[in-house]
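**Student:** Take this structure first; my questions come after.
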Amino acid sequence: MITVWPAILEHDLQSIQQRIDAVAGLVEEVHVDIMDGEFVPNTTVNDPAGLGSLDWKGIKVSLHLMIKHPELHVSSWALPFVSSMVIHREAVNNMASLIQLMQDIHVPLAIALNPHTPSYEITEYLDQLAFVMVMGVEPGFAAQGFNSDVLEKIRYLREQSPTLSIAVDGGVSLKTKAAMVEAGANILCANSYLFKADDLPMAYQRLRE
Ligand code: DX5
Ligand code: ZN
């Protein structure tokens, strides 16, 4: 079964609220991009209290943290509606201590891999992760083209584990979806394909089919 998470990449709280309102009643969970301007060359809302002040309407949030030194910040992001945190392998020095920290704060941990980061960087930790997220683009911006080289990485991870959840973030659309799913992905995070669609509910249904 394919799960689709609308991806929200916004610079102010009001715009995030508009995105939530647009998908309320349609989805149970969304993907929210957090950028610090250092790990990636772009910034978004990067304020846990601000995010906490929004009306999430019962929607859970998988938080995609594109920030430096994530271990210093995860505790402040452990908000009640946060169902998982996706942390970049490239930003982590010590995987074992991050895994311990996430257990201590009771937040499921997922690891994201940039297009050029090999899967062997995480294979030994797979059974301790909520899911793996393969980036289909360099992180930082929405509406970039999908890098199909990462399909091989998805295929390899799927071979490692038939039960692992594998998400793809970046470049998800009706055109790219089939190859992602065929390679083994089961969670698709989509921003521009959904939010630029004339009919968002229809676009969402078509991506899930
Ligand atoms: C990129 C973000 C993605 C982005 C996806 O750094 O992590 O989540 O919002 O945008 P699309 O779906 O337009 O590629
Ligand atoms: Zn993202």
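The values are calculated or read from the model by the stated rules, or taken from the named source; none is laboratory data. Model, not experiment: these values are computed from the prediction. With ideal geometry, Cβ positions are generated from the backbone for all residues, glycine too; neighbour counts draw on all protein chains shown. Accessible surface areas use protein heavy atoms only, side chains included; no ligands, DNA or RNA. Shrake-Rupley method; radii C 1.70, N 1.55, O 1.52, S 1.80 Å.
**Student:** Just to verify a result, which residue in the stretch 1-19, among those that are open to solvent by 50 Å² or more (accessible area, probe 1.4 Å) and assigned to a loop (DSSP other than H, G, I, E, B), is modelled with the lowest pLDDT?
**Tutor:** Met1
**Student:** Next question, about the same structure. Kindly provide the set of residues from the stretch 45-58 that are away from ligand 2 (no atom under 16 Å from the Cβ) and part of a loop (DSSP other than H, G, I, E, B), ordered by number.
**Tutor:** Our first condition is that a residue be away from ligand 2 (no atom under 16 Å from the Cβ); within the stretch 45-58, this holds for 47-50, 52-58.
Passing the criteria: Asp47, Ser53, Leu54, Asp55, Trp56, Lys57, Gly58.
**Student:** For the stretch 181-202, which residues satisfy the criterion of being crowded, with 20+ Cβ neighbours inside 10 Å and more than 15 Å from ligand 2 (Cβ to nearest atom)?
**Tutor:** Ala183, Gly184
**Student:** May I ask you to list the residues in the stretch 20-44 that are in contact with a helix residue (DSSP H, G or I) (Cβ under 7 Å, 6 or more places away or on another chain), open to solvent by 20 Å² or more (accessible area, probe 1.4 Å) and outside any loop (DSSP other than H, G, I, E, B)?
**Tutor:** The one that is in contact with a helix residue (DSSP H, G or I) (Cβ under 7 Å, 6 or more places away or on another chain), open to solvent by 20 Å² or more (accessible area, probe 1.4 Å) and outside any loop (DSSP other than H, G, I, E, B): Ala22.
**Student:** Are any of the residues in the stretch 138-146 open to solvent by less than 40 Å² (accessible area, probe 1.4 Å) and among the charged types (D, E, K, R)?
**Tutor:** No, because not a single residue in the stretch 138-146 is open to solvent by less than 40 Å² (accessible area, probe 1.4 Å) and among the charged types (D, E, K, R).
**Student:** Given the criterion polar (S, T, N, Q) and buried (at least 16 other Cβ atoms within 10 Å of the Cβ), identify the matching residue among Thr123, Thr117.
**Tutor:** Of Thr123, Thr117, the one residue that is polar (S, T, N, Q) and buried (at least 16 other Cβ atoms within 10 Å of the Cβ) is Thr117.
**Student:** On to the next question. Identify, by number, the condition in (1) open to solvent by less than 40 Å² (accessible area, probe 1.4 Å); (2) among the hydroxyl-bearing types (Ser, Thr, Tyr); (3) in contact with a helix residue (DSSP H, G or I) (Cβ under 7 Å, 6 or more places away or on another chain) that Ser165 doesn't meet.
**Tutor:** If we test Ser165 against (1) open to solvent by less than 40 Å² (accessible area, probe 1.4 Å); (2) among the hydroxyl-bearing types (Ser, Thr, Tyr); (3) in contact with a helix residue (DSSP H, G or I) (Cβ under 7 Å, 6 or more places away or on another chain), just (3) comes out false.
Residues are listed down the side, and each one gets a yes or a no for (1) of a type in the set (Asp, Glu); (2) touching a Pro at 6+ places or on another chain (Cβ under 6 Å):
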residue	(1), (2)
Ile2	no, no
Arg19	no, no
Leu26	no, yes
Ile34	no, no
Phe39	no, no
Asn42	no, no
Asp47	yes, no
Asp55	yes, no
Lys60	no, no
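**Student:** If I filter the stretch 75-97 for residues that are of a type in the set (A, V, I, L, M, F, W, C), within 13 Å of ligand 2 (Cβ to nearest atom) and open to solvent by 10 Å² or more (accessible area, probe 1.4 Å), do I get at least one hit?
**Tutor:** No, every residue in the stretch 75-97 fails to be of a type in the set (A, V, I, L, M, F, W, C), within 13 Å of ligand 2 (Cβ to nearest atom) and open to solvent by 10 Å² or more (accessible area, probe 1.4 Å).
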